[in-house]
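The values are calculated or read from the model by the stated rules, or taken from the named source; none is laboratory data. Computed from a predicted model, the values in this text were never measured in an experiment. Methodologically, a virtual Cβ is constructed for each residue, glycine included, from the backbone with ideal geometry; neighbour enumeration extends over all protein chains shown.
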Amino acid sequence: MNTDILIIGAGLTGQIAAAELRDNHPNLTVRIIDAGGAASSEIMGFSAPVNLPDTPNQLFHDTLNAANNAGNPYLAKLLAENALERLEYLEKLGLEFDRNQDGSYNTLHAVGTTFPRVVHHGTTTGKEAIRLLNIEYENLHAKQLAKSQDGAIAGAILDDDTLLQAKAIILAGGGFAGLWKTSTWSKKLRGDCLAIALDAGVSLVDLQFVQFEPTVATDPSPIAGIPIISTLLNEGAVLRNAADDQDILENQKPVPAKKKLAAIIQKHIDKTGETVYFDFQGVNLSQFAKKYPEYVKRYRLHSGDQSALRIPVKPAAHTTLGGIKIDEDCATSIPGLFAAGEATGGLHGQDRLGGNAGLEVLVFGKIAAMAAAEYANAHELKTTIMAKTTTAQTQNEDFKKIASMLDRYFTPTSTRKDIKSAIAHINELQPSTHVNLVKELLRQKYESY
C-alpha cells in the first residue's frame, strides 16, 4: 500500500488540503483517511475583513491581541493575509454567503474583534463547504507514524499493522477536547494526530491553553454535551442555582466574556456542589427561532414544557489551542511531515478569536497541501523503514480514567495544586500513546503557573 501524499483527518482541514492537491497537483496520488471528530461540520462562519474600514492588517492585530503575546506572529500574518482569497475560493466553489439588503456581506461581531467580520452561510458554513468540496475518504485509522533511517517520514501504520507508505503526510485530525469527560465534542476527538506525532518525536506547543465553553448541557438533559449560546443571557435567559432562588451572575450586564463566565460558573459549582441551570423562560422564543432555527431544533425548546426551558449546564472543554509545532509551511521537525488545523499549536496563543477557527482550517489546509506537494515532487518513497516503536495503544479503561481525572482537576479554575494532583493520577497509568500525550499536557500546564 502506498501513495504520494497521505492525509490523516477527513474534516474540513483535510478536505481543503485534498481539494488543493486534486485541483493543482493531479500528478500526485492522494489518500485521505480517518473521519475524525466531525468538529469542522459545526463551523458557523469564519473571519474575513470584507467591509471597510476593516482590513487584513486589523485582523492580524486582533489575532495577536487575543493571543496575549503568546501567539506566533508569522502564522497570524499568514492567517490574515489569506482570508479574502479563501472567501473568494469558497464562493467560486458555489458557497453563497449571507448578505445585507445593500449587497454587502452580513457579518457577525465576535467578542474581541475591532469590527464585525465573521462571514457565514446561515449557521451551516462548515457543512456546506464539506458538501461542495465533495471529497471521499477511507475509513482507516493510523495508530503510528513510520520513519526511514534518515529520519524522514516514510508512511503510517494502520490499526491492522499494515504499513501505508507515503512520500509526505499531512496531519489534520483536529484537537483533543474529547479527552475530557465533559466536552462539546465526541470521544473521537482525542488528539490522535498529536499522540502519534509525539510518539514519533515531534514537539507539541501551547497545550496548556484550553478554552472551556461556559454553558454546556449536562446529564440528565437529553441534549447533554451541546453548548447553549451564552449571548442569550443578554436576551432574557438567566443562570440559576438548584433551588431556583439565585441568579448566579447577579444580573451582570453585559454578560462577561466566555473565559470569565466559565470561571464564575465553575467557582459556584466548586463552592456549593450544586447544579447550575440555564433558564430560558425570559427569552422570546419566537424571535430566537427566527434568528437561530438550527439551535431551537437542537435544544428541543417547547414553550409549553417548562422543564425543557430549564437546562442543567456546566463549563466543558471545547477548544484546544495547542498542538503540533509547525513553521510557516506547516512543516514539523520531521522531514515530509506536515500538520494543519486544530491539530497544531502556536497560532492562537492564549485565546482564539471567534471566526478564526474556520479561517485557520481554510488557510493552513491549503498551505500544508502546497508544501507537501513540493516535498513529494522532490522525493521518492523510502525503501528502508525504521523499526516500529513499542508504545502501547491506550485502552478504553485508561481513556475513562483520563476523562474523569481531567474533569476533576483541569477546569476553568484549576490551580497548580490541582494539576500536581492530576500528574500523580496520570503517573499511575501504564505508558501508552494518549497517556503520554496527557502527561505532556499536564507538564506544560504545570510549568505555565
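Side notes on the structure shown:
- Test: residue in region 416-439 that is outside any helix (DSSP H, G or I) and either under 23 Å from Asn69 (Cβ atoms) or among the basic types (Lys, Arg) (or both): no
- Test: residue in region 255-266 that is surrounded by fewer than 15 Cβ atoms within 10 Å (Cβ to Cβ) and at positive phi: no
- Hits in region 159-181 (condition: hydrophobic (A, V, I, L, M, F, W, C), closer than 18 Å to Ala10 by Cα and under 24 Å from the mean Cα position of the chain (by Cα)): Ala168, Ile169, Ile170, Leu171, Ala172, Phe176, Ala177
- Of all residues in region 180-213, those being small (Gly, Ala, Ser) and either part of a strand (DSSP E or B) or free of Cβ contacts under 8 Å to residues at least 40 places away in the same chain (or both) number 1.
- All positions within region 187-197 that are touching a helix residue (DSSP H, G or I) at 6+ places or on another chain (Cβ under 6 Å) and not basic (Lys, Arg): Leu189, Gly191, Cys193, Leu194, Ala195
- Any hit, region 263-271, residues being in a loop (DSSP other than H, G, I, E, B) and not aliphatic (A, V, I, L, M): no
- Segments classed as strands (runs of 3 or more DSSP E), wholly inside region 281-386, with at least 3 members that are within 30 Å of Tyr409 (Cα to Cα): 310-320, 323-325
- When each of Ala376, Ala403 is tested for being within 25 Å of His25 (Cβ to Cβ) and small (Gly, Ala, Ser), the lone residue that passes is Ala376.
- The condition of being part of a loop (DSSP other than H, G, I, E, B) and under 29 Å from Ala177 (Cα atoms) holds for only one of Ala35, Ala18, that being Ala35.
- Asn82 vs. criteria within 25 Å of Asn377 (Cα to Cα) and modelled with pLDDT of 95 or more: yes
- From the list Ala378, Ala403, Ala392, the one residue that fits, being surrounded by fewer than 22 Cβ atoms within 10 Å (Cβ to Cβ), of a type in the set (Gly, Ala, Ser) and free of Cβ contacts under 8 Å to residues at least 12 places away in the same chain, is Ala378.
- Filtered by the rule that a residue be in contact with a helix residue (DSSP H, G or I) (Cβ under 6 Å, 6 or more places away or on another chain) and not hydrophobic (A, V, I, L, M, F, W, C), region 108-137 gives Gly112, Thr113, Thr114, His121, Thr123, Gly126, Lys127.
- Just one of the listed residues (Asp279, Asp219) is surrounded by fewer than 17 Cβ atoms within 10 Å (Cβ to Cβ) and either closer than 21 Å to Asp407 by Cβ or over 27 Å from the mean Cα position of the chain (by Cα) (or both), namely Asp219.
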